[in-house]
Structure formats: structure tokens, C-alpha cells
1. Of everything in the stretch 53-70, what is modelled with pLDDT of 85 or more and either of a type outside the set (Val, Ile, Thr) or in contact with a strand residue (DSSP E or B) (Cβ under 6 Å, 6 or more places away or on another chain) (or both)? Give them in sequence order.
2. Considering only the stretch 87-96, I want to know if a residue exists there that is farther than 15 Å from residue 149 by Cβ and at pLDDT below 90.
3. Report the residue count in the stretch 91-114 for those that are surrounded by fewer than 20 Cβ atoms within 10 Å (Cβ to Cβ), in contact with a Gly (Cβ under 9 Å, 6 or more places away or on another chain) and of a type in the set (S, T, N, Q).
4. Suppose we filter 129, 134, 113 for residues that are closer than 22 Å to residue 71 by Cα and of a type outside the set (Lys, Arg); which single one remains?
5. The conditions are (1) surrounded by 15 or more Cβ atoms within 10 Å (Cβ to Cβ); (2) polar (S, T, N, Q); (3) in a helix (DSSP H, G or I), and residue 136 fails exactly one of them. Which is it?
6. So which residues in the stretch 146-160 are over 20 Å from residue 90 (Cα atoms) and part of a helix (DSSP H, G or I), if there are any at all?
7. Considering only residues of the stretch 115-132 that are surrounded by fewer than 16 Cβ atoms within 10 Å (Cβ to Cβ) and in contact (Cβ under 8 Å) with a residue 24 or more places away in the chain, which is nearest to the chain's Cα centre (by Cα)?
8. Residues of the stretch 65-102 being out of contact with any helix residue (DSSP H, G or I) (no Cβ under 6 Å at 6 or more places or on another chain) and outside any helix (DSSP H, G or I), which ones?
Amino acid sequence: MDSNRSTSAKPELPIGFLPLFATLLLLWILLHGSLSLQVLAIGIPAALAIAWLFRDGLSFVTDFRFRSTEALRAAPRFLLFFFKSLVIANIALARVVLSPKLPIDPGIVKARTRLKSRMGRLLLANAITLTPGTLTVKLDGEWIYIHCVRVAATDIEGATAEILAGFERYLEVMYG
């Protein structure tokens with residue numbers, strides 16, 4: 001047995017627990033505008049319970065690769081790409097809606113993501129949903145099911161390239 005090792009290892013709190021607890025408690029105090037015993041008696045247990053329930057991650061910083069300069073550069077690029085996609089999708093959907101023929105071809109497509117991180121996949125699904133004309137219906141492991149107002153590609157590779165590739169390019173650097 002290694003003499004440098006402690007025989008009574010203390011369980012460690014997850015990295016995000018304390019910042020989440022502190023943030024929740026601060027918000028609670030700010031909402032009530034008081035540090036009274038009543039406010040703290042309710043706020044501390046509630047913040048502890050929520051922080052414990054969501055100790056594995058509750059924000060976009062969960063799994064983010066902060067030590068990677070590429071990830072730090074990819075984050076603003078992702079936002080720019082998202083906003084550009086948002087504008088293009090809004091214009092395209094407006095054309096569809098304003099067209100007398102209403103050229104829609106709705107359907108659900110199945111696409112495969114390369115992202116391994118849960119938070120990366122969640123941000124991908126949300127970016128797709130926030131882009132007009134598309135809605136993430138289901139996220140199941142590496143598979144994403146997306147409802148599209150106009151389905152251009154029905155094969156997995158085509159749908160993946162058309163819908164996911166642009167977002168994944170940045171999210172893969174940011175989250176893996």
C-alpha cells in the first residue's frame with residue numbers, strides 16, 4: 001500500500017456545484033431584497049437542493065473547453081454563424097409564406113451528429129430549433145430528428161451536411 005495515499009478519501013463536490021449554489025442564492029436574495037433570516041432559511045436549502053440536482057451541469061459552460069484557445073475563438077464564430085443562419089432562414093421562410101403557391105414540403109429528417117458532449121448536442125438541437133423552418137423533434141444519442149418546413153435532403157448524409165455541418169464545425173471545437 002502506498003504510504004502517500006490517504007485511506008479516508010473525502011468525496012469531492014462537482015466543479016459546478018459551488019458556483020451554481022452561489023448564483024442561485026444570490027438571485028434569491030436579490031429577488032427578495034433582504035438578508036432576513038426567513039429569506040435565508042428558505043433560500044439556502046432551495047439553492048442547495050437545486051445545485052445538487054443539477055450538479056452535473058446546468059449551463060452552456062458545462063463541458064466547454066476553456067483551456068483551448070481554438071474553443072475560445074470558435075465561440076464568437078459560432079454566434080456569428082448562428083445569427084447569419086437566422087437571417088437567411090427568416091428570409092427563406094418569409095419567401096415561402098408570402099408565395100401564392102406556398103411551396104412547402106414538410107417532413108422529419110434524421111441526421112447524425114459527430115458531437116460527443118451532451119452540452120454540445122443540446123446547443124446544436126437548440127440552434128436548429130431557433131432557426132426558422134426547422135424544429136428539433138428528438139435528440140437520441142448521435143441521432144437528431146428534425147422537422148423541416150421544406151425538406152431538401154431525405155438521406156442521412158445529405159440532411160446532416162445541410163442542417164448540422166455548419167453548427168457542428170464550431171461546436172465540435174468548443175465542446176467535442
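The values are calculated or read from the model by the stated rules, or taken from the named source; none is laboratory data. A quick note: this is a predicted structure, and the numbers were derived from the prediction, not measured. Neighbour counts run over all protein chains shown; Cβ positions are idealised from the backbone, glycine included.
1. Selection gives 70 alone.
2. Within the stretch 87-96, none of the residues are farther than 15 Å from residue 149 by Cβ and at pLDDT below 90.
3. So the answer is 0.
4. Checking each option against the conditions leaves just 113.
5. The failed condition is (3).
6. 156, 157, 158, 160
7. Restricting to residues being surrounded by fewer than 16 Cβ atoms within 10 Å (Cβ to Cβ) and in contact (Cβ under 8 Å) with a residue 24 or more places away in the chain, the top hit is 118.
8. 66, 67, 68, 99, 100, 101, 102
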